[in-house]
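No value in this document is a laboratory result; all are computed from the given coordinates. The structure presented is a predicted model; accordingly, all values stated were derived computationally and were not measured. When we count neighbours, we look across all protein chains shown, and the Cβ atoms used for this are built from the backbone with ideal geometry, even at glycine.
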Amino acid sequence: MRFLFVLFFFLIGILGLSAQNEAIAQQYFEKGDFEKAIVYYQKLYDKNPNNRNYFMALVTSFQQANQLENAEKILLKKLEDKNIYPVLFVETGYNYQLMHQEKKADVYFDKAVESLDENPNFAFAVGGAFKKRSLLDYAIKTYKKGMTLNPKLNFNYDLAYIYGEKGDIENMYEMYLDLMLERENLIGNIKRNLGAFISDNAKDENNILFKKILLQRSQTNPNLLWNELLSWLFIQQQDYKSAFAQEKAIYKRSAEPSLNGLIDLTQIALENNAIEISQSILEFIISQTQDQQLLIFAKLKLIAISLKNTKEKEYNTIEQEFKTLLDTYGISPQTLEVQLEYAKFLAFNYNRSDEAIVVLKNALKLPVNKFAEAQIKMTTADVFVYDEKFNQALIYYSQVQKELKNDVLGQQARFKVAQTSFYKGDFEWAETQLKVLKSSTSQLIANDALELKLLISDNKLKDSIQTALKLYAKADLLAYQNNDEKAIALLEIILKEHKGEPIEDEALLKQAELFEKHEEYEKAAYNYQKIIEFY
């Protein structure tokens, strides 16, 4: 029994020492100190000659330390084993390539490819080894031979990627398209890979070639996949009109027609300010569906588009469109988004916040879930902020924050609490809330929180009475209230009276954004240039 205890602790000590040596070797390897890595990997390999990881790390360390003869020596010794792992042929050939002995290198590369005659499944490891060493022609040869010897093997994804690396774009396109037909689950990954070769320039050679191949396939082997990819290509090129034509063709030819592609295209076109084509798509959707929710969505989007291009004197028409929508589909949970947008319109555009609050209070009486209720409360609080009724706004934001503290909406409510406190000049409380939000699960909220926190902390220390910060908060509130002219004028006062203070760059940036909003691009550019020069 005593002997077994001694043996047990002896083995534990050996294993611990081995693990320690491996960690040290890896550390030297990762730092690029290959000569020291060799010392440790040599010890590890001598004790564990069957460990491939130690062997390959030792070979690579020799190569990186320019000890190519030592690498050659252990590689050739390893090739004397009975059961040779064919990747060793690739590594030996690669070592000879580093030694500028190309003929010897080719001999071993050919042996690696020949190993597939024994077992076609070696193509996985051998092809991967060639690819890793950027020996792309040999990788192609390996994968093709593997598929010839065993038709069940499929290396088309690897081959397409390699063709792309070689600049053989046509072969890459053809192979990826064939693969999309075979394996629908790869379409998303393939699109991402293709995205590296497709640009937003319709005249780019790669774009022209891809379009040509898709059109040829559409004629010789009609498939909705080609229309989908043409639509995808046109979207990359921001040619939404052509994408619309493809999406209509897909909708009309599908066995089970769906408007989802057209809805997605609408959102993309709107985000890129392609207003005219967005209207056409929405009108088409309305003409093709009887689905109430989809009709409400499309008609509400059309109102939003109209609002962007409508002068204040035409607001009566917009209000009538909202009322018609609500009269048609009723005041119910299904039309909640319409009610919220109508309230925002009344307050932020029409300056009728009292009426907006009535709309929102009626919405709160509807039988909705806690998330919908939170949206109503958030919108109500937004209107109160617009009206500068900060304490009432804070009550609603705080309720949402408490009710949905683990949800993004709850974190957004906490940010709104901080922002509202900032508007009313309570910088200490705003900063307290923002410190918590820096680690928000929503990156956008975390970024906004950090930006506002830095604005407060950078400026409150330099000015004990925080005059400039209070002026900036007022200007920010005016911008929130769509009172841009007054906001720009107040920012100008900050720039003149607080020149050289930390607030100056923030004032320049905020003013530039407002200039840009009103298409005063020269003034905006002037401000941006000043920030670049001085900050």
query: Of 308/361; 144/252; 77/141; 402/530, which ones are farther than 32 Å apart at the Cα?
result: 144/252; 402/530
task: State the Cα centre-to-centre distance between segment 51-93 and segment 300-339 in whole Å.
output: 73
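Calculate, in whole percent, how much of the Cα-Cα pair population of segment 99-187 lies beyond 24 Å. All intermediate terms of the calculation are to be shown ahead of the outcome.
Values: 872 of 3916 pairs.
For segment 99-187, the share of Cα pairs beyond 24 Å comes to 22 percent.
Can you give me the relative contact order of segment 140-262 as a percent, contacts being Cα pairs under 8 Å and 6 or more apart? Working shown, then result.
Working: 95 pairs, mean separation 17.5, N = 123.
Worked out over segment 140-262, it gives 14 percent.
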- prompt: Going toward the positive end of the dipole of the chain, with +1 on Lys and Arg Cβ and -1 on Asp and Glu Cβ, which of 94, 507, 332 do you reach last?
  reply: 94
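Only helical DSSP H runs with n ≥ 4 go in: add -39500 (n - 2.57) per run for the chain, normalise by residue count and round the 222 nm mean residue ellipticity to 500 deg cm²/dmol. Intermediate results must be reported in sequence, preceding the final value.
Details: 29 runs with 407 residues, N = 535.
Counting only the DSSP helices, I get -24500 deg cm²/dmol.
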query: By how many nm would the segment from residue 509 to residue 107 grow when fully extended, if each residue of separation counts as 0.36 nm and the alpha-carbon distance is taken off?
result: 138.3 nm
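Translational diffusion coefficient of segment 161-256 at 20 °C, 1.002 mPa s, Stokes-Einstein with Kirkwood Rh over Cα pairs, in µm²/s as a whole number. Before the final figure, lay out the partial values.
On the way: Rh = 13.7 Å.
Roughly 157 µm²/s, to the nearest whole number.
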task: Estimate the FRET efficiency between residue 48 and residue 168 by the formula 1/(1 + (r/R0)^6), using the beta-carbon distance for r and 35 Å for R0, to the nearest 0.05.
output: 0.25
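Can you give the FRET efficiency for residue 132 and residue 77, using 1/(1 + (r/R0)^6), R0 = 30 Å, r = Cβ-Cβ distance, to the nearest 0.05?
Calculated value: 0.85.
List the relative contact order of segment 394-501 as a percent without decimals, with contacts defined as Cα pairs under 8 Å and 6+ residues apart.
Values: 105 pairs, mean separation 18.4, N = 108.
Computed over segment 394-501, the figure is 17 percent.
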field: Residue-span extension gain [residue 203 to residue 535] - 0.36 nm each, minus C-alpha spacing
entry: 115.7 nm
field: Dipole axis of the chain (+1 Lys, Arg; -1 Asp, Glu on Cβ), positive-most option in 126, 395, 245
entry: 126
query: What is the magnitude of the charge dipole of the chain about its Cα centre, with +1 placed on the Cβ of each Lys and Arg, -1 on the Cβ of each Asp and Glu, and no other charges, expressed in debye to the nearest 20?
result: 1460
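From the P(r) of segment 249-407, could you give the percentage of C-alpha pairs in the tail past 29 Å? Write out the running numbers ahead of the final one.
On the way: 3409 of 12561 pairs.
For segment 249-407, the share of Cα pairs beyond 29 Å comes to 27 percent.
Write out the trypsin sites (Lys or Arg not before Pro) in segment 258-351 meeting two conditions: DSSP loop, and at most 11 other Cβ atoms within 10 Å of their Cβ. Kindly include the intermediate steps, with their values, before the conclusion.
Working: sites: 299, 301, 308, 311, 313, 323, 344; in loops: 311.
Those satisfying the criteria are 311.
Remind me, relative contact order of the chain in percent, using alpha carbon pairs under 8 angstrom and six or more residues apart?
Numbers: 528 pairs, mean separation 20.3, N = 535.
That works out to 4 percent.
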query: Sorted by mean Cβ packing within 10 Å, highest first, what order do the peptides 485-493, 378-386 take?
result: 378-386, 485-493
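Kindly rank 411-418, 100-107, 78-85 from highest to lowest mean number of other beta carbons found within 10 Å of each residue. Could the numbers behind the result be given before it?
On the way: 411-418: 23.2, 100-107: 13.2, 78-85: 11.1.
Per-residue Cβ counts within 10 Å, averaged per peptide and sorted highest first, yield 411-418, 100-107, 78-85.
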- request: With +1 on each Lys and Arg Cβ and -1 on each Asp and Glu Cβ, and nothing else charged, work out how big the dipole of segment 169-261 is about its Cα centre, in Debye to the nearest 20.
  value: 260
- request: Mind checking which of 406, 472, 229 is farthest towards the positive end of the chain's charge dipole, using Cβ charges of +1 (Lys, Arg) and -1 (Asp, Glu) about the Cα centre?
  value: 406
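On alpha carbon coordinates alone, what is the Rg over Rh value for segment 466-535, Rh being the Kirkwood radius?
Working: Rg = 11.2 Å, Rh = 11.8 Å.
In segment 466-535, Rg relative to Rh is 0.94.
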query: What's the FRET efficiency of residue 483 with residue 35 using the Cβ-Cβ distance as r and R₀ = 56 Å, to the nearest 0.05?
result: 0.20
statement: A chain fully extended from residue 56 to residue 196 at 0.36 nm per residue, minus the present Cα-Cα distance, gains in nm 47.2 nm
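Based on alpha-carbon atoms only, what is the radius of gyration of segment 410-520 relative to the globular estimate 2.2 N^0.38 Å? Don't skip to the end; give the middle numbers.
Values: Rg = 13.8 Å, N = 111, 2.2 N^0.38 = 13.2 Å.
Taking the Cα Rg and dividing by 2.2 N^0.38 Å, one obtains 1.05.
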Burial order of peptide ranges 186-193, 143-150, 255-262, 331-338 (average beta-carbon count within 10 Å, highest first): 143-150, 331-338, 186-193, 255-262
message: Averaging the inverse of every distinct alpha carbon separation and then flipping it gives the Kirkwood radius. What is it for segment 239-295, in angstrom units?
response: 11.4
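In debye, nearest 20, what is the charge dipole magnitude of segment 231-270 about its Cα centre with +1 on Lys and Arg Cβ and -1 on Asp and Glu Cβ, if you could check?
On the way: 4 positive and 4 negative charges, 32 e Å.
With Lys and Arg at +1 and Asp and Glu at -1, about 160 debye.
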query: How many times 2.2 N^0.38 Å is the alpha carbon radius of gyration of the chain?
result: 1.38
